[in-house]
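Peer 1: I am attaching a structure below and will ask some questions about it afterwards.
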């Protein structure tokens, strides 16, 4: 089931097309044996390529079964019919089958895509979870700001999409030498920072009904290059990089 196409406007401002899941619960209530009733699952604005994972046609809940699933511009409509003995058998109660009330509850899951901006994950930089065009970019992991190397005063030549490029000043926070290349770079050196490999954490791309689509896509690699020759390092050498991870493992890369 499909809805919409990716427009040029939707992909502007450095956005990428990212997958998103919408999950919720469908409560369908009806009256009468064989009489259809429907309920909607609201969708966040701006979704494309909408595909319903569940419930599918034929899915049952007690006395009712799904007979139709229709994707609209802002919601998915699920239609069900009560066709079991509890509602339709004349011997199952004193109320005539045509007047019996019934209800069915289904867990719903809808997969879609959304044009989302790519952010920098900044959990440990005290600026919130994500940032767009940050002036400070962390380039190593650590429990706090004082434990991380950073690029400061970043001026972005480009930001968004599958690659971002900026220029700033390297700020040294480590007090040891992990490699010969790393030792050649001193604090205060002008550097170029490149952000690549956009991806997302699996729990971050799951939305409940009514939740707006937020920024959940972030750059999976942050690399720093020297702009001047330093010892054996030629200009343009990648001397340090950092790959942010999810709480439950590595990010899922965008294809």
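Peer 1: Can you tell me how many residues within the stretch 36-49 are over 30 Å from residue 17 (Cβ atoms) and surrounded by 15 or more Cβ atoms within 10 Å (Cβ to Cβ)? Give the steps one after another, and end with the answer.
Peer 2: Step one: of the stretch 36-49, the residues over 30 Å from residue 17 (Cβ atoms) are 36-38.
Then drop every residue that is not surrounded by 15 or more Cβ atoms within 10 Å (Cβ to Cβ), which leaves 37-38.
Total meeting the criteria: 2.
Peer 1: Of the residues 56, 73, which is in contact (Cβ under 8 Å) with a residue 60 or more places away in the chain and in a loop (DSSP other than H, G, I, E, B)?
Peer 2: On the way: 56 fails: in contact (Cβ under 8 Å) with a residue 60 or more places away in the chain.
Exactly one of 56, 73 is in contact (Cβ under 8 Å) with a residue 60 or more places away in the chain and in a loop (DSSP other than H, G, I, E, B), namely 73.
Peer 1: Those residues that are more than 16 Å from residue 79 (Cα to Cα) and not in a loop (DSSP other than H, G, I, E, B), I need them from the stretch 101-122; list them, please.
Peer 2: Within the stretch 101-122, 111, 112, 113, 114, 115, 116, 117, 118, 119, 120, 121 qualify.
Peer 1: Test residue 199 against the stated conditions and say whether it is touching a strand residue (DSSP E or B) at 6+ places or on another chain (Cβ under 9 Å) and modelled with pLDDT under 85.
Peer 2: Numbers: touching a strand residue (DSSP E or B) at 6+ places or on another chain (Cβ under 9 Å): yes; modelled with pLDDT under 85: no.
For residue 199, the condition - touching a strand residue (DSSP E or B) at 6+ places or on another chain (Cβ under 9 Å) and modelled with pLDDT under 85 - is not met.
Peer 1: Would you point out the residue of the stretch 224-241, among those that are touching a residue at least 60 places away in the same chain (Cβ under 8 Å) and surrounded by fewer than 20 Cβ atoms within 10 Å (Cβ to Cβ), that is farthest from the chain's Cα centre (by Cα)?
Peer 2: To start, the set of residues in the stretch 224-241 that are touching a residue at least 60 places away in the same chain (Cβ under 8 Å) comprises 224, 227, 240-241.
In the following step, the residues that additionally are surrounded by fewer than 20 Cβ atoms within 10 Å (Cβ to Cβ) were identified as 227, 241.
Working: 227: 34, 241: 23 Å.
If we take residues in the stretch 224-241 being touching a residue at least 60 places away in the same chain (Cβ under 8 Å) and surrounded by fewer than 20 Cβ atoms within 10 Å (Cβ to Cβ), then 227 is farthest from the chain's Cα centre (by Cα).
Peer 1: So residue 82 clears everything in (1) within 18 Å of residue 23 (Cα to Cα); (2) crowded, with 18+ Cβ neighbours inside 10 Å except one condition, right? Which one?
Peer 2: Among (1) within 18 Å of residue 23 (Cα to Cα); (2) crowded, with 18+ Cβ neighbours inside 10 Å, residue 82 violates only (1).
Peer 1: Would you please list the contacts, defined by Cβ atoms under 7 Å and residues six or more apart or on different chains, that run from a residue in the stretch 206-219 that is at positive phi to a residue that is at pLDDT 75 or above?
Peer 2: 210/42
The values are calculated or read from the model by the stated rules, or taken from the named source; none is laboratory data. These numbers come from a predicted model, not from an experiment. Positions of Cβ are generated from backbone atoms using ideal geometry, with glycine treated the same way; all protein chains shown enter the neighbour counts.
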